[in-house]
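A short write-up of the structure that comes next.
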Amino acid sequence: METVVSGIRSTGKLHLGNFYGAVKNFVQMQNEYNCYFFIADYHSLTTHPNPEDLHGHVKQVLVEYLAAGIDPEKATIYVQSDVPEIAELYLYLNMNAYLGELERSTSFKDKVRSQPDNVNAGLLTYPVLMAADILIHRAIKVPVGKDQEQHLEMSRTFANRFNRLYHTDYFPEPFAFNFTKNLIKVPGLDGKGKMGKSEGEANAVYLSDEPEVIRKKVMRSLSDGGPTHENQQKPEPIQNLFDLMKIVSSADTYNHFDTQYNQCSIRYGDFKKQLAEDMIIATAPIREKINEIAKDETYLRQVARFGAIKARESASKTILEVRKIIGFKSF
Ligand code: ADP
Ligand code: TRP
């Protein structure tokens, strides 16, 4: 069976982008693949969270994974920092990752812009840690959103470089994966770019948002005065809302409003109301489970401990082999 790895940074609540780009695929993949899904708390340190927030954020992602339907009986669910073998592999891969290529990564350049006072080495080597996450289980499929494509390309580079250097074919090449034809980019509600945790409250719809909150966010989302001539191209904020509708609504609903837009008869109020209701339908079953699961500390502890054992089993096997390949020998 093919091996799958993916993770989400523990930086807060999950939103629709995380769900459609990643988690929805996790739930489907667990039935067909050997899956490892983790909570990337090492990665969250690149933005220096308060120690008081760290555990709460890890718990949040764990709860939301389970609420979304990831089944610990089918997939291995674990916390990244429970598997120190990942940090060891990260160290080895760092020896063959070069400053130039790391500096050219778009995510690094974005961070230099967004947190100029905290351009730490962890940010620079973020893609190396991500490669270690994937290669530690020798995974070949990685369910992620479109924004992670470049990171996957870097993971392949590091895997191939290791193989070349040590004359081995130990690491397979991992590829980004989504069940839809293309990788997904879920747009935000604020008219520009993707939905993201760090883009401000008005941008993202969270899986835990109450229906009223979703309605408010969608109704307030950026739009314009409406189309002025037939079949005109949609400006970005409107295109984004249509893209969101394509993701959460039925094809009939999408086509209905698309035709109305093209005929200049669309009423944004109705359009947004429908979009909000379909987002509520998509998230309601998850939201209802979030509160219930969050209360069950015993279950969460059980899941995390069981996952850590299974993940370490696989990871320590890899590390043993890697040490041998590199040439470490004990006396
Ligand atoms: P964020 O960007 O909100 O901080 P992460 O970077 O932790 O979220 O992303 C975790 C996963 O969710 C990744 O696989 C990423 O590709 C996916 N993801 C995040 N935002 C989006 C989005 N707007 N569209 C599609 N996938 C997304
Ligand atoms: N970099 C990913 C993100 O920001 C999270 C991540 C870390 C990840 N390690 C991974 C995703 C390994 C897939 C596989 O979204």
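Report, ordered by chain and residue number, the aspartates and glutamates lying within cross-link reach of Lys74, taken as a straight Cα distance under 18 Å and ignoring same-chain residues fewer than 8 apart. Here the aspartates and glutamates satisfying the reach criterion relative to Lys74 are Glu2, Glu32, Glu64, Glu313. Only Cα pairs under 8 Å and 6+ residues apart enter the sum, and on that basis the relative contact order of segment 122-201 stands at 30 percent. Once the convex hull of all Cα atoms in the chain is built, its volume per residue stands at 155 Å³. Within the shell defined by Cβ-Cβ distances under 10 Å, the residues around Thr47 carry a net charge of +2, with Lys and Arg each +1 and Asp and Glu each -1.
On the chain, 51 percent of the accessible area sits on carbon and sulfur atoms, based on a 1.4 Å probe. Put +1 on the Cβ of each Lys and Arg and -1 on the Cβ of each Asp and Glu in segment 197-291; which of Thr283, Ser208, Ala251 then has its Cα farthest toward the positive end of the dipole? So the residue we want is Ser208. The residues of the chain present an accessible area of 49 Å² per residue when probed at 1.4 Å with all protein chains retained.
Cross-link check: pairs Lys141/Lys329; Lys185/Lys310; Lys146/Lys329; Lys141/Lys197; Lys59/Lys194 evaluated at a Cα-Cα cut-off of 30 Å; pairs beyond the cut-off: Lys141/Lys329; Lys185/Lys310; Lys146/Lys329. Measuring with a 1.4 angstrom probe and ignoring ligands and nucleic acids, Ser316 comes out at about 50 Å² accessible.
Sorting the segments 287-299, 14-26, 55-67 by their mean number of nearby beta carbons within 10 angstrom, highest to lowest, gives 14-26, 55-67, 287-299.
Among 108-114, 245-251, the peptide with the highest mean count of other Cβ atoms within 10 Å heads the list, and the full ranking is 245-251, 108-114. Any idea what angle helix 51-68 forms with the longest principal axis of the chain, computed on alpha-carbon atoms, 0 to 90 degrees, nearest 10? Once rounded, the angle reads 70 degrees.
Please give the residues of segment 85-106, grouped as numeric ranges, whose backbone N is less than 12 Å from a label point set 7 Å along the Cα-to-Cβ vector of Ala121. Once the point is set 7 Å along Cα→Cβ of Ala121, 91, 94-95 turn out to lie under 12 Å by backbone N, inside segment 85-106. Taking 0.890 mPa s as the viscosity and 25 °C as the temperature, the Stokes-Einstein diffusion coefficient of segment 197-291 based on its alpha-carbon Kirkwood radius rounds to 175 µm²/s.
Summing charges over all other residues whose Cβ lies under 14 Å from the Cβ of Phe19, with Lys and Arg as +1 and Asp and Glu as -1, gives +4. Taking other residues whose beta carbon is less than 10 angstrom from the beta carbon of Arg215, and scoring Lys, Arg as +1 and Asp, Glu as -1, yields +1. Could you give the angle, 0 to 90 degrees to the nearest 10, between helix 126-135's Cα long axis and the longest principal axis of the Cα atoms of the chain? Rounded to the nearest ten degrees, it is 70. Applying 0.36 nm per residue to the separation of Thr47 and Asp224 and subtracting their alpha-carbon distance, the gain on full extension is 60.2 nm.
The values are calculated or read from the model by the stated rules, or taken from the named source; none is laboratory data. The structure displayed is predicted, hence computed values, not measured ones. Cβ: placed from backbone, ideal geometry, glycine included. Neighbour counts: every protein chain shown. Side chains are part of the model used for accessible areas, which takes the heavy atoms of the whole protein and leaves out ligands, DNA and RNA. Shrake-Rupley method; radii C 1.70, N 1.55, O 1.52, S 1.80 Å.
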